[in-house]
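Report on one structure; see the data block that follows.
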Amino acid sequence: MKQLLIETKTKQYPLFLGEGIIHSLPEILRSLSFPRGTKLLIITDQTLEPLYLAELRAMLADDYEVYTHVIPSGEGAKSFEQYYACQTAALEYGLDRHSLILAFGGGVVGDLAGFVAATYMRGIRYIQIPTTLLAHDSAVGGKVAINHPLGKNMIGAFHQPEAVVYDIAFLRSLPEKELRSGFAEVIKHALIRDRRFYEWLRQEIHTLADLTGERLQYCIQKGIEIKASVVREDEKETGVRAHLNFGHTLGHALESELGYGAITHGDAVALGMLFAIFASESVYKRSFADHQFSAWFRTYGFPVSIPASLKLERLLKKMKGDKKAKAGTVRMVLLKDIGEVDIETLDDDTLSALLCEFAQREVG
């Protein structure tokens, strides 16, 4: 078991990473000073419930007062309705300010359960137990939120967990599309801050089938280390933390416009990264053609073109409404070089022209 330290200005907490480490959870909780009898609320989803929930509950039942709440699977669960249902469950089970929420699942569960913890009784403690590759990004850094029909993650908070317990054994049950979704964020982390890691990915991960064993754990560890280094510098996204939004400006717009769950977060971000790279070439007057990003992404099954059914003016409106926008303009994270990004403000005319050209180029 590897242990990393996640540091922010307001908090430090451990991240435990390894194979089979979920069986050490009772010991980990004791090491974090959660005494016997503490009320625990496990929030998970309908996919994980039949696979792991009974075993996890039994593992903790000797020492703790364990309750569970199951939400629907998928991005649609990050809603006001499910948030309210989780709060109701916490109240009915009598959780107090000394209780603990366990966010057992992927990014959706982590975001929702974390926001529940951030707001229940004005904030109680929680632990992230990610079960997907995508959650290597969302489980670290303390950004928790739910969605609104007008924008993704628009209602949320910064609320750091007490710990992250990342057992990669859970990833064996992931369908291919979810593994691919998480891999998009791995690629993002390499592109924004680590050229050597990017080169390693190009050399070592030729297909999703290569994401196993030591290679998989290395991808997770590197992604977490990059994310943690950014969060250490900028916890509340007032500066460089915005670099983590590379690919997300168009990505979030695609998710919102297509309907949450119609496209995976990673597929949307992958297409968003391709557009950001395309925009970068125009803004910085340079070419990334030798990297053949579209061909590379296509080998993993990522989409490389904007769906023809979408209206570009509606995507532009969603991009302007994203929480990263400022005064109606769009601030995009662009690629200056592999491992180096910056934030640029694009006006409507420029962005509209770029979207149109990108859509025509990729479809053609």
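Taking 30 Å as the limit for the C-alpha separation, the pairs K188/K285; K78/K317; K152/K311; K236/K285 exceed it in the case of K236/K285. Throw me the Rg/Rh for segment 248-364, computed over C-alpha atoms with Kirkwood Rh, two decimals. Across segment 248-364, the Cα-based Rg/Rh ratio is 0.93. When a/c reaches 1.5 or more, the comparison of a/b and b/c decides; with that in mind, is segment 1-146 rounded, prolate or oblate per its Cα gyration tensor? It is rounded, given that a/c, with a ≥ b ≥ c, falls under 1.5.
Taken one residue at a time, the phi angles of segment 347-360 give Karplus couplings (6.51, -1.76, 1.60, θ = phi - 60°) of 7, 4, 5, 5, 5, 4, 5, 5, 4, 4, 5, 4, 4, 5 Hz. Gly and Pro are set to x. Cross-link partners of K177 among aspartates and glutamates, defined as those whose alpha carbon lies under 13 angstrom from its own and excluding same-chain residues fewer than eight positions apart: D267. Here K143 is the anchor, and the aspartates and glutamates within straight C-alpha reach of less than 13 Å, apart from those fewer than 8 places off in the same chain, are D111, D234, E235, E237. Counting 0.36 nm for each residue step from R196 to R286 and taking away their Cα separation leaves a gain of 30.3 nm.
Each Cα pair under 8 Å and six or more residues apart adds its separation to the average, and for segment 82-202 the resulting relative contact order is 22 percent.
Placing +1 on the Cβ of every Lys and Arg and -1 on the Cβ of every Asp and Glu, with nothing else charged, gives the chain a dipole about its Cα centre of roughly 620 debye.
Quick check on the chain: of the DSSP beta bridges with both residues there, what percent are antiparallel, nearest 5%? Here the share of antiparallel DSSP bridges comes out near 45 percent.
When the chain is described by a simple charge dipole with +1 on each Lys and Arg Cβ and -1 on each Asp and Glu Cβ, the residue from G261, H189, P307 located farthest towards its positive end is H189. Ordered by the number of other Cβ atoms lying within 10 Å of each residue's own Cβ, fewest first, K78, K236, K320, K188 fall into the sequence K236, K320, K78, K188. Taking other C-beta atoms within 10 Å as the exposure proxy, C219, C356, C86 rank C356, C86, C219 from fewest upward. Here the contact order of segment 2-173, divided by its residue count and restricted to Cα pairs under 8 Å and six or more residues apart, works out to 25 percent.
Evaluated with a Cβ-only charge set (Lys, Arg +1; Asp, Glu -1), segment 1-89 carries a dipole of roughly 380 debye about its Cα centre, given to the nearest 20. For segment 2-173, the Cβ-based charge dipole about the Cα centre amounts to some 500 debye (Lys, Arg positive; Asp, Glu negative; other atoms uncharged). What spacing in nm lies between the two simple spin-label points modelled at S229 and E65, each 7 Å away from Cα in the Cβ direction? Result: 4.5 nm between the two label points.
From the Kirkwood radius over Cα pairs of the chain, Stokes-Einstein at 25 °C and 0.890 mPa s returns a whole-number translational diffusion coefficient of 118 µm²/s. Sorting L335, L355 from the fewest to the most surrounding beta carbons within 10 angstrom yields L355, L335.
Computed from the coordinates by the stated procedures, all read-outs in this text should not be read as laboratory data. In this text, all values refer to a predicted model and were calculated from it rather than measured experimentally. Methodologically, a virtual Cβ is constructed for each residue, glycine included, from the backbone with ideal geometry; neighbour enumeration extends over all protein chains shown.
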